[in-house]
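Read through the structure below, which is laid out as structure tokens, and then see the notes.
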Amino acid sequence: MRRARGLAIGLMALSSLTIAGIGNPRATLAGDSDPELTATLDGRPIPLEDVGKYYCDDFSYPEIKCSSTKVIPDARATLVTLLTAVDYVTIYDGNAYAGAFMNVSQDYSALTLIGWNDRIGSFRGRNSETGTFFLDWFYGGTPWAFCCNTQTANLGTFNNAISSIKRT
């Protein structure tokens with residue numbers, strides 16, 4: 001009885017994830033060609049370069065979902081963290097976790113494509129994951145590795161200078 005209840009709860013959670021558009025955010029296979037990135041704001045298409053202006057996440061990769069308010073991305077991040085733990089860092093436009101943000105679960109070799117080039121002012125590592133920021137596109141230039149739920153309110157000389165990010 002207890003096992004059947006647990007299975008039912010798990011299936012309901014998976015259904016909820018699928019309905020919310022966050023089930024299986026890594027659906028593409030390693031051998032697949034890169035999927036075309038898209039972005040939406042409150043369900044309407046927006047240019048990729050506008051992503052850095054809003055509250056976003058890439059849990060539905062290759063779609064980046066943005067909202068004009070923090071409530072929806074915060075709720076999606078909580079749900080994803082509880083059920084899948086796929087995101088590895090949250091980046092913020094301002095110092096001290098202020099302004100627009102994006103919950104990141106993918107690697108971005110050129111943050112300029114999604115409006116985040118040279119805009120990151122603070123970050124929070126998530127889910128005990130590790131990653132590296134780079135000053136240049138395509139994971140070049142000076143790296144800044146982070147680990148294990150690091151929270152950095154001010155990036156010092158890296159402030160507004162990061163151009164790529166990769167899970168490590």
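The values are calculated or read from the model by the stated rules, or taken from the named source; none is laboratory data. The model shown is predicted, which means the values in this text are computed figures rather than measured ones. Neighbour counts are summed over all protein chains in view; Cβ atoms, including those assigned to glycine, are modelled from backbone coordinates with ideal geometry. For the accessible areas, the whole protein counts, side chains as well, though only heavy atoms, and no ligand, DNA or RNA atoms are used. Shrake-Rupley method; radii C 1.70, N 1.55, O 1.52, S 1.80 Å.
Overview of values
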{"read-out": "Where R44, R126 fall by accessible area, highest first, once all protein chains stay in place (1.4 Å)", "value": "R44, R126"}
{"read-out": "Computed label-point distance, nm, for sites A110 and A75 using a 7 Å Cα→Cβ extension", "value": "3.6 nm"}
{"read-out": "Whole-Hz ³J(HN,Hα) from phi, Karplus 6.51 cos²θ - 1.76 cosθ + 1.60, for region 39-52, glycine and proline x", "value": "9, 10, 10, 6, x, 9, x, 9, x, 4, 5, 8, 3, x"}
{"read-out": "Spin-label pair T38/C147, simplified geometry with 7 Å Cα→Cβ offset, distance in nm", "value": "4.0 nm"}
{"read-out": "Qualifying chymotrypsin sites (Phe, Trp or Tyr not before Pro) for region 88-168 [loop in DSSP, other Cβ within 10 Å: at most 16]", "value": "W137, F138"}
{"read-out": "Region 28-154: relative contact order in percent, alpha carbon pairs under 8 Å with at least 6 residues between", "value": "21 percent"}
{"read-out": "14 Å tail of the calculated P(r), region 94-168, as % of Cα pairs", "value": "56 percent"}
{"read-out": "Backbone HN-Hα couplings from phi across region 126-132 [Karplus 6.51/-1.76/1.60, Hz, Gly and Pro as x]", "value": "10, 6, 6, 8, 10, x, 9"}
{"read-out": "13 Å beta-carbon shell around I72, net charge (K/R +1, D/E -1)", "value": "0"}
